[in-house]
1. How many residues are closer than 15 Å to ILE103 by Cα and either modelled with pLDDT of 95 or more or surrounded by 16 or more Cβ atoms within 10 Å (Cβ to Cβ) (or both) when one looks only at the range 1-18?
2. More than 30 Å from ALA147 (Cα to Cα), assigned to a helix (DSSP H, G or I) and among the small types (Gly, Ala, Ser): does that describe ALA396?
3. If you take the residues of the range 134-153 that are surrounded by fewer than 21 Cβ atoms within 10 Å (Cβ to Cβ) and farther than 15 Å from HIS456 by Cα, which of them is farthest from ligand 1 (Cβ to nearest atom)?
4. Is it the case, given these coordinates, that ILE328 is assigned to a helix (DSSP H, G or I), at pLDDT 95 or above and within 16 Å of ligand 1 (Cβ to nearest atom)?
5. If ALA193 satisfies every condition in (1) among the small types (Gly, Ala, Ser); (2) farther than 17 Å from PHE64 by Cβ; (3) touching a helix residue (DSSP H, G or I) at 6+ places or on another chain (Cβ under 9 Å); (4) in the same structural domain as ASP51 (by TED's automatic domain parsing) but one, which is the exception?
6. Could you please find all residues in the range 74-93 being away from ligand 2 (no atom under 16 Å from the Cβ) and either in a strand (DSSP E or B) or modelled with pLDDT under 95 (or both)?
7. Could you tell me which numbered condition SER53 fails, if it satisfies all but one of (1) out of contact with any Leu (no Cβ under 6 Å at 6 or more places or on another chain); (2) buried (at least 20 other Cβ atoms within 10 Å of the Cβ); (3) on the phi < 0 side of the Ramachandran plot?
8. Only one residue in LEU171, LEU176 is over 27 Å from THR308 (Cα atoms), modelled with pLDDT of 95 or more, in contact with a Gly (Cβ under 7 Å, 6 or more places away or on another chain) and not assigned by TED's automatic domain parsing to the domain that holds GLN483. Which one?
Amino acid sequence: MHPTLPTQGWKLENSYATLPAYFYTALNPTPVRAPQLVIINTALAQSLGLDFSTTDETSLAQLFSGNILPENASPLAQGYAGHQFGNFTLLGDGRAHLIGEHITPDGKRYDIQLKGSGRTPYSRRGDGRAALAPMLREYLISEAMHALGIPTTRSLAVVTTGETVMRQTELQGAILTRVASSHLRVGTFEYAAAKQDYAGLKSLADYAISRHYPHAATHKNPYRALLESVIQQQATLIAAWMCVGFVHGVMNTDNMTISGETIDYGPCAFLDTFSMGAVFSSIDHQGRYAFGNQPTIAHWNLSRLAETLLPLLHEHKTTAIEIAEEAIAGFGETFQQAWLAGMSKKLGILNGQPDDVALVQDLLEWMQTAKADYTTTFRDLTSTQVPEKTLYQDAAFLDWHTRWQARLNNNDTPIESALSLMQAHNPVIIPRNHHVEHALDAAEDGNMQPFQALLHAVQHPYSVTADNAPYRDAPQHPNPNYQTFCGT
Ligand code: AMP
Ligand code: MG
């Protein structure tokens, strides 16, 4: 056994493997030739009760590549299904291995997953591998989302493999270590439903309840409570995305968690120029996953989840459908409330009033027409004056600004409290596409300095500091055709 590993603090279990055998395949990652550590998230490690300070880099590279496994690891690949761009498909971890569930010193359970760690029975025609830039992209954006206060999977480490992967060109292979509350997806339930095995579906639902929504177990209909809880979490999550201008890009049902964490940072991007129709993903030709479509798609995905749960919701199908429909109907209101609450904070408005929705929507419409930068506009508004830039010397904007000022006067609190509310809810720093691309290009050339600097900036999104000045800028020439790729 490797001498350093037991001192790192791993406490691995594998509760997922108590599900029926068809939910997973036990197998080890495929060893890689010459792994090298690219980045490790020391703060996250600490919060998990893990200590890598006495492990040398070579051993860390061996560990985070899956070449050696921590004590009690028993890796597996999960089976799942999913609606991809609306079409049902059987999937599974085609390039990922769940190493185990780590129990933190305060008793929390987190999946530790390697992504890019080799082929599995679910790989279909894929090579089971991942390239460096997409894995660093996931690392950066997931850490940015976490710093923005948005539920998300986290990133513990990235290693290169010393092997190449063939995409459009030859690229450096890499493996990401992902930390998640779980990897249960809407697609996991679709997989269970496709097996037409009532007992298996029930064990999955019971497992999801015990892992994420234990209160549901005491409800008179625990499966209805499970469905309502997922709907609540997802509605709140999507509202948070909309408030910060995040476009996930590939909201297939296999990329939607039961926990309510954002997962799978493939072709995602943050808005610069505001547009409800913004699409960045190179494969989203119809704009199915456009910025403004995200609530509708979440609702659609959750309807697929509700369908899978029908046999558990009630023994009579018509009653089960009624229960499911009632639960799904709750999405719209929960989303709207969470969105309005978030947008109200961004505008410093307190004690909700009936006209607030129109006030927010009119600003968004103006931004869309004026092609304003989403993040910068809210920061520019965080002032007692009309912002100076030429962009704002526009009749429609000035009219809106007057209405907004009048609304702030109805807050019944001094203007300073509105401004501090705005400062706390309008990031100065988001991972802007032009900076992300620059950092990833440099990383591919072996220079991690730009990535580290950008990472540091996005980890403190709400503060104006001397060293984050270079990252606050909107692109000088926003690229309306900016494209992101799934990173496969
Ligand atoms: P994603 O779009 O990343 O959520 O991936 C969709 C499905 O394709 C998942 O089942 C992945 O495991 C699988 N997949 C993606 N890339 C690869 C790859 N290079 N090799 C094998 N499977 C892959
Ligand atoms: Mg996925």
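1. 9
2. So ALA396 passes the test.
3. Looking at residues that are surrounded by fewer than 21 Cβ atoms within 10 Å (Cβ to Cβ) and farther than 15 Å from HIS456 by Cα, I get GLY149.
4. no
5. (4) is the only condition that ALA193 fails.
6. LEU76
7. Against the list (1) out of contact with any Leu (no Cβ under 6 Å at 6 or more places or on another chain); (2) buried (at least 20 other Cβ atoms within 10 Å of the Cβ); (3) on the phi < 0 side of the Ramachandran plot, SER53 comes up short only on (2).
8. After ruling out the rest, the residue left standing is LEU176.
The values are calculated or read from the model by the stated rules, or taken from the named source; none is laboratory data. Note that the coordinates shown come from a computational prediction; the quantities given were computed from them, not determined experimentally. Glycine also receives a Cβ, built like all others from the backbone with ideal geometry; neighbour counts cover every protein chain displayed.
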